[in-house]
Amino acid sequence: MLLALVTGASATDETLLVGRFSADDLSGWQPKSFQGETRYTFDGKSGRRALFADSRGTASGLYREIRVDLRHTPFLNWSWRVDRVLEGVDEHGKAGDDYPARVYVVVSGGVAFWKTRSLVYVWSSGQPVGATWNNAYTSNARVMALRSGMRDAGRWVSEKRDIRADFKQLFGEEIDAIDAVALMTDTDNSGQSATAWYGDIVFTAR
């Protein structure tokens, strides 16, 4: 997944646009299926043009391999929306490892693929905002809840994260670059359904 780098992202000295979903553009993005196929389409039903995800007991995502120099553009910006969360899931365990929306940044281990690490921002169904934990399947993926439950459901919310700071907090390491960005709406473990919208994804200098 992370051996090749995709070129062609829109960039200036202070911005790097990697997800241009408001323009119905999936250039450079590739599908990755784990269990069935979450349906990803473009629509404007949320009040703005965006990438719509519809998961019905499925788990597949979209990813883009792209080298991002965090010394120049360390901040990841995006917006997202969910209309409801999942019921009765324990996100710390494999049976509850489902999320209405999540966004990943990935640091490749190169040929040492087992060293690949992922920082995963989620819209949690039950964990409090700010909570962090290891992914249920691997400690190489660390999860952070940015939104929780129904408090912000039904409307667009924007996020801005300092990737270097968050990676240092969760992995205890300093990094200067990431190698991929991904997103996923999944409900395969719980067998429930979830929908979400994802807005444009851009890295900025500040």
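Just so you know, all these numbers are worked out from the coordinates, no wet-lab data involved. Please read all numbers here as calculations on a predicted model, not as lab measurements. Neighbour counts are summed over all protein chains in view; Cβ atoms, including those assigned to glycine, are modelled from backbone coordinates with ideal geometry.
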Odd one out for Ala95, checked against (1) part of a loop (DSSP other than H, G, I, E, B); (2) surrounded by fewer than 17 Cβ atoms within 10 Å (Cβ to Cβ):
(1)
Can you work out which of the residues in segment 143-174 that are within 27 Å of Asp54 (Cβ to Cβ) and among the basic types (Lys, Arg) is farthest from the chain's Cα centre (by Cα)?
Arg151
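Taking the options Ala177, Ala131, name whichever one is of a type in the set (Gly, Ala, Ser), over 23 Å from Leu51 (Cβ atoms), in contact with a strand residue (DSSP E or B) (Cβ under 8 Å, 6 or more places away or on another chain) and in contact (Cβ under 8 Å) with a residue 24 or more places away in the chain. Walk me through how you get there before you give the answer.
Working: Ala131 fails: in contact (Cβ under 8 Å) with a residue 24 or more places away in the chain.
Being of a type in the set (Gly, Ala, Ser), over 23 Å from Leu51 (Cβ atoms), in contact with a strand residue (DSSP E or B) (Cβ under 8 Å, 6 or more places away or on another chain) and in contact (Cβ under 8 Å) with a residue 24 or more places away in the chain holds for just one of Ala177, Ala131, which is Ala177.
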First in segment 102-114 and aromatic (Phe, Trp, Tyr), second anywhere and in a loop (DSSP other than H, G, I, E, B), Cβ under 8 Å, 6 or more apart:
Phe113/Leu2; Trp114/Asn140
If I filter segment 35-49 down to residues being outside any loop (DSSP other than H, G, I, E, B) and over 15 Å from the mean Cα position of the chain (by Cα), which single residue comes out as farthest from Trp80 (Cα to Cα)?
Gln35
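Output the residues belonging to segment 105-152 that are among the charged types (D, E, K, R) and in contact with a Gly (Cβ under 6 Å, 6 or more places away or on another chain).
Matches in segment 105-152: Lys115 only.
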In segment 38-57, which residues are touching a Leu at 6+ places or on another chain (Cβ under 7 Å) and either closer than 12 Å to Leu183 by Cβ or acidic (Asp, Glu) (or both)?
Tyr40
